[in-house]
Amino acid sequence: MVALATLEAAGVILVGTIVAILGARSLLRRHREARYGSLVSVDEVPGTAPLLRSSTYRISGRPDELRRLPDGRLVPIEFKSRSSPQYGPPRSHRIQVAAYCLLVEETTGRAPPYGVVRYGDGGEVRLRWDRAAREELLKLRDALDRPYDGRATPSVARCTHCPWREVCDARAA
């Protein structure tokens, strides 16, 4: 009888500890989220958040989250399921967040101070939306507008698994 009571007490303590840990994690997550202001939209179900468009640059997209800072500016947040890269966000992540910053600016008329990329392991990076980020994005955007210049070097090894192989002008025979 005493052993059963001890076992029940241990079970209650264990469940209570788990609930306390989960509650603390939830509070920490809310505190972290509050740094970026109030939630405006979430693309939780793909395609449900508002599509941001720029007719000037002919781009569009849906950030995973948009948050409103106390001063009214919106901040785009992009989630990545992978772990935080050891040497900082790769160029593709920086360009994607910069594109969302440009879309927010074009849509609202107010530039965000930064965009955020958040990784699956909890790591996150604020990427400043400044002249350098704008120039990097627009330089890439301009390159995409130019006709293909033939500088790719196709190979069977590279082209076999490429998702663009059916429509690529440079694919290996």
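Here is how the numbers come out for the structure above:
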read-out: Degrees separating the helix 91-108 axis from the principal Cα axis of the chain, which is the longest one; value: 90 degrees
read-out: Kirkwood estimate for the chain, i.e. one over the average of 1/r between Cα atoms, Å; value: 19.6 Å
read-out: The chain: relative contact order as a whole-number percent, Cα under 8 Å and 6+ apart; value: 14 percent
read-out: Other-chain or far-sequence residues with amide H under 5 Å of TRP129's (modelled H); value: TYR114, GLY115
read-out: Share of carbon and sulfur in the accessible heavy-atom surface of the chain [1.4 Å probe, %]; value: 58 percent
read-out: Selection from TYR100, GLN86, LEU138 lying farthest towards where the dipole of the chain points positive, charges on Cβ; value: LEU138
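The values are calculated or read from the model by the stated rules, or taken from the named source; none is laboratory data. Computed from a prediction, not measured in an experiment: that's the story for all the values here. As a convention, Cβ positions derive from the backbone with ideal geometry for all residues, glycine included, and neighbour counts pool all protein chains shown. Remember, those area values only see protein heavy atoms, side chains included, never the ligands or the DNA or RNA. Shrake-Rupley method; radii C 1.70, N 1.55, O 1.52, S 1.80 Å.
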